[in-house]
1. Work out the count of Lys pairs in the chain where the Cα-Cα distance is under 21 Å, with the pair 8 or more places apart or on different chains.
2. Probe 1.4 Å, all protein chains in place: accessible area of VAL23 in Å², nearest 10?
3. What accessible surface, in Å², does a 1.4 Å probe find on LEU31, ignoring ligands, DNA and RNA and rounding to the nearest 10?
4. Contour minus end-to-end for ALA74 and SER56, with contour as 0.36 nm per residue of separation and end-to-end as the Cα-Cα distance?
5. Might you report the magnitude of the Cβ-based charge dipole of the chain about its Cα centre, with Lys and Arg at +1 and Asp and Glu at -1, to the nearest 20 debye?
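The values are calculated or read from the model by the stated rules, or taken from the named source; none is laboratory data. Keep in mind it's a predicted model, so treat the numbers as computed, not measured. Here the Cβ positions follow ideal geometry from the backbone for every residue, glycine too, while neighbour counts run over all protein chains shown. Heavy atoms of the whole protein, side chains included, go into the accessibility calculation; ligands, DNA and RNA do not. Shrake-Rupley method; radii C 1.70, N 1.55, O 1.52, S 1.80 Å.
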Amino acid sequence: QVQLVESGGGLVQPGGSLRLSCVASGRRLSLYNMAWYRQAPGKQRELVAAITGGSSTNYVDSVKGRFTISRDNAKNTVYLQMNSLKPEDTAVYYCKAAFGSYIYWGQGTQVTVSS
């Protein structure tokens with residue numbers, strides 16, 4: 001069993017930055033593929049960024065060049081650095097861990113981009 005706890009969300013003005021953290025407990029994350037998803041009101045949950053156990057990354061087109069996913073296996077933590085935030089980035093952001101058929105989700109953290 002893996003427990004994921006996200007933090008770092010909040011209210012930020014357009015153009016600002018936030019760094020989300022996802023801390024895992026219960027298992028070592030080093031072998032897990034990790035990802036950040038987001039869900040805006042009335043919309044489907046969408047993949048934002050993903051990082052494999054080998055640290056290969058991929059991003060949804062709308063965040064390329066603005067967001068960076070990274071992991072620190074020693075701290076059992078995955079990060080999402082979000083720069084140049086836009087109002088359309090407003091959503092609840094969720095952390096996901098996957099290893100084979102085992103999938104775990106965090107409870108989410110709210111990100112609101114507004115002036």
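1. Working: LYS43/LYS64; LYS43/LYS86; LYS43/LYS96; LYS64/LYS86; LYS64/LYS96; LYS75/LYS96.
Here the count comes out as 6.
2. About 70 Å², rounded to the nearest 10.
3. Estimated to the nearest 10 Å², LEU31 gives 120 Å².
4. 4.7 nm
5. 180 debye
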